[in-house]
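Heads up: the structure comes next, in C-alpha cells.
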Amino acid sequence: MPDDPGAIALSLAAQLRRLDPGTLAALRRMGDDGAVPGYWRLAARHAPLTDRPDRWVSIVRALAILTPKGAPEDRPDLHDKDCPLGEALCTGGDRDWPGANLPRPMLSERRLAQLMAARGKQRTILLTRAIRALAASKPADAGIRVPDIARAFLDSSRPDALAAPYYRRLDCAERDADTSKDMPADA
C-alpha cells in the first residue's frame, strides 16, 4: 500500500466499517497515546500508523467517530467523493441543507476561522471537536470525502482545503435564500 494519506484513510474507513461495535467504540474513545488494541490491529496493515502514531491516532479516532454505529453489515460506506469535509462542516452532512430554513452552518464561521488559524495540538483538538459535532448532526447514511479528513489533520498549511468548499456551499445557500425572498408569493 502506498504511503498516500488519502489512500490509507480510505482503507482505514473500509476496515472500520467492518469492526465490531465494541472495538469501534474503543477507537472513538481512544486517547492520544493510541493504547487501544484496535489501533494496533489497523497499524499492522499500515506502516505509517506504526511509524507515526503521533500523527495517525487522531485520524483513526476521527474516522471511528464518523463511522455509523450499529451492526457492521448495516453500516453505509463513510466515503462520498462528492462531499468535501469543508462542505460537510457547513451542511452537517445533510444533502438537503438548508431545506426551507435560513442557511445556518453546522460549524459557525467563527469556529471555522479558529480551526483554520490553529496549529499543532490546538488544531487537533479543534478538528476533533468539529468531527464530533459533525458526527452528531449528520444523517447515518451521509458520507464525506474520507481523504480530506486525513489531510485536514496532517496539513494545516492549506486552510483553503476546508474554507473553499465550506464557503462555496454557504454562499450558494445564501444566494438561494435571497432569491426566494424576492420571488412573489403564489396566489
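Points worth noting:
- DSSP-assigned coil residues among trypsin sites (Lys or Arg not before Pro) in segment 116-162, each with at most 16 further Cβ atoms within 10 Å: ARG119
- Across every pair of non-identical alpha carbons in segment 64-187, the mean reciprocal distance, once inverted, gives a Kirkwood radius of 15.3 Å.
- Over segment 45-115, Cα pairs under 8 Å with separation of 6+ residues give a relative contact order of 15 percent.
- Kirkwood estimate for segment 96-161, i.e. one over the average of 1/r between Cα atoms, Å: 13.1 Å
- Helix 5-17 and the long axis of the chain differ in direction by around 80°, with both axes built from C-alpha atoms.
- THR128 accessible area, assembled protein chains, probe 1.4 Å, Å²: 20 Å²
- The long axis of helix 120-137 is offset from the longest Cα principal axis of the chain by roughly 60 degrees.
- Long-range amide H partners of ASP80 with built H, under 5 Å: ILE144, ARG145, VAL146
- Once C-alpha pairs closer than 8 Å and six or more residues apart are averaged by separation and normalised to the residue number of the chain, the relative contact order reads 27 percent.
- In a fully extended conformation the segment linking ASP171 and ALA117 would gain 17.3 nm over its present Cα-Cα distance, using 0.36 nm per residue.
- Distance in nm between pseudo-label sites at TRP40 and ASP54 (7 Å out along the Cβ direction from Cα): 2.0 nm
- Distance between modelled label sites at ASP4 and ASN101, nm, 7 Å Cα→Cβ extension: 3.7 nm
The values are calculated or read from the model by the stated rules, or taken from the named source; none is laboratory data. Computed from a predicted structure; not experimentally measured. Cβ sites come from the backbone with ideal geometry, for glycine too, and all protein chains shown count toward neighbours. The protein model used for the area step is the full one, side chains on, heavy atoms only, and it has no ligands, DNA or RNA in it. Shrake-Rupley method; radii C 1.70, N 1.55, O 1.52, S 1.80 Å.
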